[in-house]
Structure formats: structure tokens, C-alpha cells
């Protein structure tokens with residue numbers, strides 16, 4: 001079993017699994033939307049994280065009609081939200097430590113789940 005971030009999938013496999021042309025994957029890389037790892041022979045290798053990111057790009061472009069520039073903005077905002085959530089969690093832990101490790105009934109900051117893009121069918 002491979003780790004979530006371990007690059008193991010060739011471009012042809014990813015293209016086949018996602019039913020897209022390999023050139024589309026190359027375009028996503030040129031646009032900076034995905035950064036696959038490279039072997040010593042310069043072959044692209046994708047991780048499961050990369051594949052999930054590509055799935056989100058496909059949802060945005062195919063289902064919502066977002067262009068690649070818009071996808072870049074959405075992805076950057078999602079990354080910022082994830083960073084902020086991590087910072088909030090770290091601060092919450094620090095507050096608890098300063099209080100002596102006692103959890104209050106009404107914490108100052110409540111942890112929310114990571115934001116996901118939800119698509120509703122017509």
C-alpha cells in the first residue's frame with residue numbers, strides 16, 4: 001500500500017483513470033495547478049494527493065465552468081483556508097496549555113472540518 005503523498009502513478013495511468021488526455025495533465029502542470037514528481041529519467045509520477053487535486057480541477061472546469069485562472073484562485077484560497085485552520089488549531093492547543101491543560105466547556109475556538117467544494121446536481 002502506498003502513502004497518500006507517494007508519487008507512484010504514471011501520466012498514462014492517471015489519464016486513463018480520470019478519462020482525460022495526457023496533454024491536459026501537461027497543461028495543468030504548465031499552469032502550475034499540479035506539480036507531479038519526476039523520476040531521474042524525467043518521467044512524471046503522480047501521488048494520490050495529485051489525483052485528488054486533479055479531480056477537483058476537473059469538477060471546477062467541467063461542472064462549474066470555471067476557467068484555469070479561476071481554478072488557480074479557488075485552489076489558492078482553499079490552501080489559505082487550510083493554513084488558517086491549522087493556525088487556529090495550534091492556537092487552541094496553546095490556549096489549553098496556558099490554562100493548565102484544562103478544557104473549558106465553551107472553547108474560545110472551535111475546530112471546523114476542512115472546506116470542500118460541494119456540487120449540487122440540477
Please specify each residue of the range 75-102 satisfying the condition of being surrounded by 15 or more Cβ atoms within 10 Å (Cβ to Cβ) and within 30 Å of residue 27 (Cα to Cα).
75, 78
Among the residues of the range 3-23, the number that are closer than 23 Å to residue 78 by Cβ, buried (at least 16 other Cβ atoms within 10 Å of the Cβ) and free of Cβ contacts under 8 Å to residues at least 40 places away in the same chain is 1
Answer from 97, 79, 83 - the residue that is at pLDDT below 95 and farther than 25 Å from residue 18 by Cα
97
Only one of these is part of a helix (DSSP H, G or I), touching a residue at least 24 places away in the same chain (Cβ under 8 Å) and on the phi < 0 side of the Ramachandran plot: 91, 81. Name it.
81
Residue 52 surrounded by 15 or more Cβ atoms within 10 Å (Cβ to Cβ) and assigned to a helix (DSSP H, G or I):
no
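The values are calculated or read from the model by the stated rules, or taken from the named source; none is laboratory data. Remember, it's a predicted structure, so these values are computed and weren't measured experimentally. Please note: Cβ atoms are built from the backbone with ideal geometry, for glycine as well, and neighbour counts cover all protein chains shown.
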